[in-house]
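Working notes, beginning with the structure itself.
What follows is calculated from the coordinates using simple rules that are stated; it is not laboratory data. Everything numeric here is computed off the predicted structure, so don't read it as measured data. With ideal geometry, Cβ positions are generated from the backbone for all residues, glycine too; neighbour counts draw on all protein chains shown.
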Amino acid sequence: MNNKVTRTCLLVVALLALVGLVSAQHPRAHFDLDDVHGRYISAENAADTSSVHAFSAPDASLVGPPIPFATAEVMVADGKGNVCGESDGFYSGISAPGVNLGPSLYHGQYTIGATDGRVVITTCSDASTVTGICQDSSPCPASAEGNSTRLQVGYIQGDDGNKMVTVSQFESGYPDSTGFLVHKRTWSKASEDRKDHDRR
């Protein structure tokens, strides 16, 4: 009798372990706006491949050679589809060895794909009268109106939203511009905003 009970207990434990293994291999395939919530930081090297920079053809028919620059950025997401932030960095295309670019303020919106975790972030520069981070919530104008806009696309690593990887295109209001392409940007959530930190 005891052997039968022991065998039954071992079978139950084995089945529970198998269920746990299958669940770990098949994480929740649902994402929402709240999965991107909190303060994110990033520091990356990038390249200006825009056709409007100083070394391109005057009529923008030819794209000039890529100009490297380095950028650091903070972005705050409210979990409801809105973002704001500040960026800074050094750009080598204006003067040698490089000029400090910022800081510059921005705001915008984001969406999340429910099944694939695809992130689309559209931002624009804050108004010139704004002096502090996350103080401008006005709608972003169309790029044709001359305001700098940026489109980022990428994916969140998991439904905890602790890490995102995006690529971006920057439009400066010139219709012939191909934009600034940041080939890879990794966003990491600040430790105090991590969901797993809250569970400790």
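For the pair residue 138 and residue 165, how long in nm is the line joining their label points, each one 7 Å along Cα→Cβ?
Here the modelled spin labels are 3.7 nm apart.
Give, in nm to one decimal, the length gained when the segment between residue 188 and residue 88 is fully stretched (0.36 nm per residue of separation minus the Cα-Cα distance). All intermediate terms of the calculation are to be shown ahead of the outcome.
Working: separation 100, 0.36 × 100 = 36.00 nm, distance 1.68 nm.
Extra length available between residue 188 and residue 88 comes to 34.3 nm.
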